[in-house]
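Scroll down for the structure; my scribbles are underneath it.
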Amino acid sequence: GVEALKKIMWIFQKNTPRLEYSPMLPTLVSILLIFLKEEEVFTVTKTILEDSDKILNLSNTLEKNMLKKMRWHVTFKREQFAWAVDHVASFCKQRSDSFLELEKHFTKINYDFKELFKIWLRTLFVDFLPISLALKIFGAYLNEGIKIYFKFISAVLKVFRADILRHQDPGTLTE
């Protein structure tokens, strides 16, 4: 468990110099360790990192449809993670008419909704959902790619729209 996670993270830290900031990587490796042997987790994670690195380095700019080219998305730098969070917000705006109402509500109560998206992307929902559901979503992520998390975030906001609108204190939103 924990020792395997530390070892795998250490290997990637030492051998992937461009890997400066990847907040979802420890959670991703932890989930994989539930189902796979340490060496298999290393191989799968290496593949995910190589795929992300290849696409992210094709261009110096972060393109709007870059995620369509990626199967998985693991960030290597803070600005890439910020871009992914911004992309989630854009995705939600495009897919849901009610998101604009939620965005206005978040602004009214002085809550930066992108912080919530950062938490959800960093933890892959493990901290917020029953583990069985978080693992099902993770399985879909391995099959379909990062767009699954974007779709799920959009769906969560839609399903809990009324509850979110009732909250007037930003501190109670994540409870």
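The values are calculated or read from the model by the stated rules, or taken from the named source; none is laboratory data. Since we're looking at a predicted model, the values are computed, not measured. FYI the Cβ positions are ideal-geometry reconstructions off the backbone, even for glycines, and counts take in every protein chain you see. Side chains included, ligands, DNA and RNA excluded: accessible areas come from the protein's heavy atoms. Shrake-Rupley method; radii C 1.70, N 1.55, O 1.52, S 1.80 Å.
Within segment 19-34, the only residue that satisfies the criterion of being part of a loop (DSSP other than H, G, I, E, B), among the hydroxyl-bearing types (S, T, Y) and open to solvent by 40 Å² or more (accessible area, probe 1.4 Å) is Y21. Pull up segment 2-18, narrow it to residues that are open to solvent by 30 Å² or more (accessible area, probe 1.4 Å) and among the hydrophobic types (A, V, I, L, M, F, W, C), then point me to the one that is farthest from K46 (Cα to Cα). So the residue we want is V2. Taking the listed residues F81, F138, F76, F125, the one that is open to solvent by less than 30 Å² (accessible area, probe 1.4 Å), aromatic (F, W, Y), at pLDDT below 85 and closer than 25 Å to D51 by Cα is F76, with no other qualifying. Would segment 153-167 turn up any residue that is modelled with pLDDT of 90 or more, surrounded by 14 or more Cβ atoms within 10 Å (Cβ to Cβ) and within 20 Å of I34 (Cα to Cα)? No, segment 153-167 contains no residue that is modelled with pLDDT of 90 or more, surrounded by 14 or more Cβ atoms within 10 Å (Cβ to Cβ) and within 20 Å of I34 (Cα to Cα). Taking the condition of being at pLDDT 95 or above and over 15 Å from the mean Cα position of the chain (by Cα), how many residues in segment 12-32 meet it? Number satisfying all stated conditions: 1.
Would you mind telling me which numbered condition in (1) surrounded by fewer than 19 Cβ atoms within 10 Å (Cβ to Cβ); (2) modelled with pLDDT of 90 or more; (3) hydrophobic (A, V, I, L, M, F, W, C) L100 fails? For L100, the exception is condition (2). Would you confirm, using the coordinates I've provided, whether I131 is of a type in the set (A, V, I, L, M) and surrounded by 15 or more Cβ atoms within 10 Å (Cβ to Cβ)? Against the criterion (of a type in the set (A, V, I, L, M) and surrounded by 15 or more Cβ atoms within 10 Å (Cβ to Cβ)), I131 does not qualify. Among the conditions (1) open to solvent by 30 Å² or more (accessible area, probe 1.4 Å); (2) at pLDDT below 95; (3) in a helix (DSSP H, G or I), the only one that D53 does not satisfy is (1).
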